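Working notes, structure below.
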Amino acid sequence: MINEAELAQRLGLNADRLKEFLSVSETREFKKNSILFEGNAVCDWLGYIVNGAVRTYCVNDLGEEISFLLQVNGDFFGDYESYITNQKSGFIIKTTLDTEILVFQKKHLDTLIDSDIFWTRFSKTMSDICFLEAKRRIEDLLFYSPEERYQNLLRKSPEIIRKIPQKYISSYLGITAQSLSRIRKRSN
């Protein structure tokens with residue numbers, strides 16, 4: 001169930017603006033391992049995780065699943081590149097737990113944006129959040145060792161460590177499950 005006060009704070013909205021936003025959004029519940037988005041299509045929606053966890057990944061030429069993003073309560077998710085470019089996505093989005101999400105379609109958010117400059121600023125804030133998350137992800141992969149990436153993840157979102165299986169975390173960190181196990185032992 002959505003905690004409206006918490007959602008309003010996370011989104012930077014007052015009660016009236018939150019009602020407007022919720023009027024163009026839909027709350028959905030999914031079981032563990034549900035596919036939210038299959039890829040090879042335009043992702044014309046974004047989501048907000050009310051409770052649960054999702055994994056965004058792709059499948060490489062060898063058939064291996066490579067985790068791109070791991071997200072939990074309070075995170076926005078979706079293929080933002082596809083959302084803004086209207087191009088097909090190569091990502092798959094799947095729940096890793098029973099998950100409740102708030103979904104908003106681009107066309108509905110665009111209607112709000114067209115109605116009031118406030119929603120244009122709101123949309124920019126969402127873009128900024130997505131940009132900063134992507135920048136942090138790139139920096140982690142380029143500038144930090146696997147152990148530092150694990151520590152950064154632990155600091156940023158210890159919830160991920162508790163909610164998402166180790167095999168997905170290791171893929172996200174760009175290491176083997178065995179390496180992650182050794183790093184976790186040294187960290188304890």
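The values are calculated or read from the model by the stated rules, or taken from the named source; none is laboratory data. Computed from a predicted structure; not experimentally measured. With ideal geometry, Cβ positions are generated from the backbone for all residues, glycine too; neighbour counts draw on all protein chains shown. Each accessible area value is taken on the protein alone, full model and side chains, heavy atoms only, with ligands, DNA and RNA left out. Shrake-Rupley method; radii C 1.70, N 1.55, O 1.52, S 1.80 Å.
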In whole angstrom, how far apart do the alpha carbon centroids of segment 6-43 and segment 134-159 sit? 26 Å
What value, in deg cm²/dmol to 500, does the helix sum -39500 (n - 2.57) over DSSP H runs of n ≥ 4 give at 222 nm once divided by the residues of the chain? -15500 deg cm²/dmol
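Does segment 57-116 come out rounded, prolate or oblate, given a ≥ b ≥ c as the square roots of the eigenvalues of its C-alpha gyration tensor, rounded meaning a/c under 1.5 and, failing that, prolate meaning a/b above b/c? Don't skip to the answer; put the middle values down first.
Working: a/c = 3.38, a/b = 1.56, b/c = 2.17.
Oblate, because a/c is 1.5 or more while a/b does not exceed b/c.
Return the carbon/sulfur percentage of the accessible area of segment 46-163, one whole number, probe 1.4 Å, all protein chains in place. It would help to have the intermediate numbers written out before the result.
On the way: 3410 of 6060 Å².
Answer for segment 46-163: carbon and sulfur cover 56 percent of the accessible area.
Over segment 108-157, what lengths in whole Å, largest first, do the semi-axes of the equivalent ellipsoid take, defined as the square roots of 5 times the eigenvalues of the alpha-carbon gyration tensor? Show your work: numbers first, answer last.
Values: eigenvalues 233, 18, 9 Å².
For segment 108-157, the semi-axes come out at 34, 9, 7 Å.
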Which helices, counted as full DSSP H runs in the chain, have an axial Cα extent of no less than 18 Å and a Kyte-Doolittle average of -1.0 or above? 117-143
Chymotrypsin sites (Phe, Trp or Tyr not before Pro), restricted to segment 129-188: which are DSSP loop and have at most 16 other Cβ atoms within 10 Å? 144
Added length on full extension, which subtracts the Cα-Cα distance from 0.36 nm per residue, residue 187 to residue 24: 54.3 nm
Difference of contour (0.36 nm per residue) and Cα-Cα distance, residue 33 to residue 59: 7.8 nm
When a/c reaches 1.5 or more, the comparison of a/b and b/c decides; with that in mind, is segment 128-188 rounded, prolate or oblate per its Cα gyration tensor? prolate
Three principal axis extents, largest first, for the C-alpha atoms of segment 1-69, in Å? 49, 23, 20
Taking the convex hull of the alpha-carbon atoms of the chain and averaging its shadow over every direction gives an area in square nanometres of 11.2 nm²
Note the full-extension length gain between residue 84 and residue 177 as 0.36 nm times their separation in residues minus their Cα-Cα distance, in nm to one decimal. 30.1 nm
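Taking only protein heavy atoms into account and a 1.4 Å probe, give the accessible area per residue of the chain in Å². Mind showing how you got there, number by number?
Values: 10510 Å² over 188 residues.
Here the per-residue accessible area is 56 Å².
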